[in-house]
Ligand SMILES: [Zn+2]
């Protein structure tokens with residue numbers, strides 16, 4: 001799984017990673033806005049793919065939708081080499097056209113594996129507990145869940161973790177339960193708001209150094225304009241900075257903006 005034969009010539013990137021619902025989408029967007037990074041959102045791509053292939057049919061913002069997504073991720077983890085190849089192609093095609101320093105995030109499992117093949121300058125791993133991730137997943141979509149439903153989500157996340165753990169270990173020799181042994185930098189987000197986690201990332205010396213080296217590799221980076229579509233009200237915005245809030249409907253969910261370029 002995940003090992004692609006095509007080699008591509010692409011600019012180096014920073015990878016921000018973590019297990020599902022560890023906060024990588026929102027923190028990547030903070031980075032994009034604060035540092036004028038291009039943000040490549042693998043999560044949003046997976047959500048689109050789940051919908052377009054008929055695996056995710058329930059309306060966004062419902063518990064059923066999130067459960068269907070978890071099932072879809074499980075399918076990807078288990079056997080679907082074609083979907084894996086699509087994700088890899090999506091990430092590499094996005095990275096191949098960027099002119100700015102770029103941060104990539106995806107569902108943790110997938111991008112973690114891809115990182116071996118992408119020209120990654122630095123990886124930051126967001127660590128969050130299973131309880132935290134369950135809360136964040138539900139909170140983010142303002143899903144009102146009973147105690148039983150919460151437990152159901154938690155168990156599904158745990159099953160998925162186990163599945164990916166096994167898969168990554170046997171195929172790539174990666175132990176994702178011990179990210180500190182694999183990663184150069186781990187940010188423990190326990191008891192932190194997303195703003196605090198971003199502040200922590202932004203002050204890590206290697207992050208500043210990596211940003212500076214990426215910026216010097218891409219001298220024209222300030223000139224990149226992209227088009228973003230708000231997936232809530234469909235407004236298309238053109239901007240040389242990542243759009244974090246839709247001016248029409250105030251949508252600020254990082255996974256509900258589509259990069260049209
Ligand atoms: Zn909108």
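Bear in mind these aren't lab numbers, they're just calculated from the coordinates by the rules spelled out. The model shown is predicted, which means the values in this text are computed figures rather than measured ones. Positions of Cβ are generated from backbone atoms using ideal geometry, with glycine treated the same way; all protein chains shown enter the neighbour counts.
Using a Gaussian network model of the chain in which every pair of alpha carbons under 10 angstrom is joined by a spring, one finds that among 146, 213, 25 the greatest mean-square fluctuation is at 146.
Say R0 is 35 Å: what FRET efficiency, to the nearest 0.05, do residue 75 and residue 188 get from their beta-carbon distance? Let's see the in-between values first.
Details: r = 30 Å, r/R0 = 0.87.
The formula returns an efficiency of 0.70 here.
Highest mean packing comes first when the peptides 190-198, 16-24 are listed by Cβ atoms within 10 Å, giving 16-24, 190-198. Calculated mean residue ellipticity at 222 nm for the chain: -15000 deg cm²/dmol, from DSSP H runs with n ≥ 4 weighted as -39500 (n - 2.57), summed, divided by the residue count and rounded to 500.
Using per-residue counts of other Cβ atoms within 10 Å, averaged over each peptide, order 62-71, 29-38 from highest down.
On the way: 62-71: 17.3, 29-38: 21.1.
Highest-to-lowest ranking by the protection proxy: 29-38, 62-71.
Any chance you could run the full-extension gain for residue 196 through residue 235? It's 0.36 nm times the residue separation minus the Cα-Cα distance, nm to one decimal.
Result: 11.0 nm gained on full extension.
When a/c is below 1.5 the answer is rounded, else prolate if a/b is larger than b/c, else oblate, so apply that to region 133-261 with a ≥ b ≥ c taken from the square roots of the Cα gyration tensor eigenvalues. The shape class here is oblate.
Find how much the distance from residue 82 to residue 213 grows on full extension, using 0.36 nm per residue of separation minus their present alpha carbon separation; answer in nm with one decimal.
Numbers: separation 131, 0.36 × 131 = 47.16 nm, distance 3.47 nm.
Gain on stretching residue 82 to residue 213: 43.7 nm.
Translational diffusion of the chain was estimated from the Stokes-Einstein equation, with Rh taken as the Kirkwood radius over Cα pairs; at 4 °C and 1.567 mPa s the coefficient is 70 µm²/s.
Springs join every pair of Cα atoms under 10 Å in this Gaussian network model of the chain, and among 230, 249, 106 the largest mean-square fluctuation is at 249. Simple spin-label estimate for residue 248 and residue 158 gives 4.4 nm between the two label positions (7 Å along the Cα-to-Cβ direction from each Cα). Each residue, residue 130 and residue 205, gets one label point 7 Å from its Cα in the Cβ direction; the gap between the two is 3.7 nm.
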